[in-house]
Amino acid sequence: MNNTSRSFRKLVYWIVLTTTFLLYAVFVTGFNVNGNYTLFTKILFFLILNPISVSLCILLFIIIILMFSSNSKDFIMKKLSKNREEKKFTYATLLFTIASVFSILLSLYFATAINFILKDINSIYKINAIRTYDVIWYFNKIKNYHFFYVLIIIISIYSFLIFLVRLFFSIIYFEKISVSIYLKDGTVFEDKFIINHNIDGGIIIGDSYLKKAENKKLIPKSNILYISFNKVDYSFGKRNEKSKIIIPNQILENELIKEWRTKTSS
């Protein structure tokens, strides 16, 4: 499968996924079209329609956008490098909370907007639905396609904004798998990343997980003896280097491994 088909498939999956989440939020925030709001609906409207919530949502959105700048990433990395693990966990938790709260508020706002559109559709076409989301089952009666265009635009904007949140999460923390490849002739490629796992009967490896990685090499699969894998953590786009300090137990373990290899090779 080429890159275009793979990207298109991912796009379709993402739109379907976010649309499903948004529809779920529409069902949760649905209200009676006759105006007899339940206590839950009144509380919901109070929480999301007051100026404080609107300002909070805008503020969180600005914070998320700013985090994509290199200056913000460098600032956070400096903070993290100067603090202990407890502080690092606190920073990460704070950023995850910001993204999560923004996602919830965003879903509630977009779902409420769709519910009000459904309420208008119910009034215009005399559907006589009880709750706003019931109108969805009567879309075949709608003659004006402008409503569909508006709904498509809302869903598209929502999918894009949630995608930004997903990118924000990946900036905070993500994992990749590095490999050490042992060839039959004794050559070893340590701490490399597989760029392409199937090209002309071989695999392409590089110094990083990016396609523009340096020192890329094509290794025929027939020359590979075995491959070992290792998890690599990244925070704010930078690799988290593990401690190079070797404790006594590790020294003993390394010596035992060397001794075992000597005996098996002799």
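Miscellaneous remarks
- Summed over the range 86-139, residues that are among the polar types (S, T, N, Q), surrounded by fewer than 16 Cβ atoms within 10 Å (Cβ to Cβ) and under 27 Å from the mean Cα position of the chain (by Cα) total 4.
- Among the numbered conditions (1) farther than 30 Å from Leu105 by Cβ; (2) more than 15 Å from the chain's Cα centre (by Cα), the only one that Ile157 does not meet is (1).
- Once the range 35-76 is narrowed to residues that are surrounded by 12 or more Cβ atoms within 10 Å (Cβ to Cβ) and of a type in the set (S, T, N, Q), the residue that is nearest to Leu94 (Cα to Cα) is Ser72.
- Being touching a residue at least 40 places away in the same chain (Cβ under 8 Å), under 29 Å from Thr97 (Cβ atoms), hydrophobic (A, V, I, L, M, F, W, C) and out of contact with any Ser or Thr (no Cβ under 7 Å at 6 or more places or on another chain) is a property that Ile224 lacks.
- A single entry from Val54, Val12 fulfils the requirement of being under 18 Å from the mean Cα position of the chain (by Cα) and without any contact (Cβ under 8 Å) to a residue 60 or more places away in the chain: Val12.
- Residues that are over 17 Å from Leu22 (Cα atoms) and exposed (fewer than 14 other Cβ atoms within 10 Å of the Cβ), drawn from the range 140-163: Asn140, Lys141, Lys143, Asn144, Tyr145, His146
- Listed by first and then second residue, the pairs linking a residue in the range 26-44 that is assigned by TED's automatic domain parsing to the domain that holds Ala113 and part of a helix (DSSP H, G or I) to a residue that is aromatic (Phe, Trp, Tyr) and at pLDDT 90 or above, with Cβ atoms under 6 Å apart and 6 or more places separating them unless they lie on different chains, are Val26/Tyr133; Phe27/Tyr133; Thr41/Phe31.
- When Leu225, Leu218 are checked against the criterion of being of a type in the set (A, V, I, L, M), touching a Lys or Arg at 6+ places or on another chain (Cβ under 6 Å) and over 30 Å from Ala92 (Cα atoms), a single residue qualifies: Leu225.
- Members of the range 197-236 that are at pLDDT 85 or above and polar (S, T, N, Q): Ser222, Asn223, Ser228, Asn230
The values are calculated or read from the model by the stated rules, or taken from the named source; none is laboratory data. Source: prediction; values computed, not measured. Cβ: placed from backbone, ideal geometry, glycine included. Neighbour counts: every protein chain shown.
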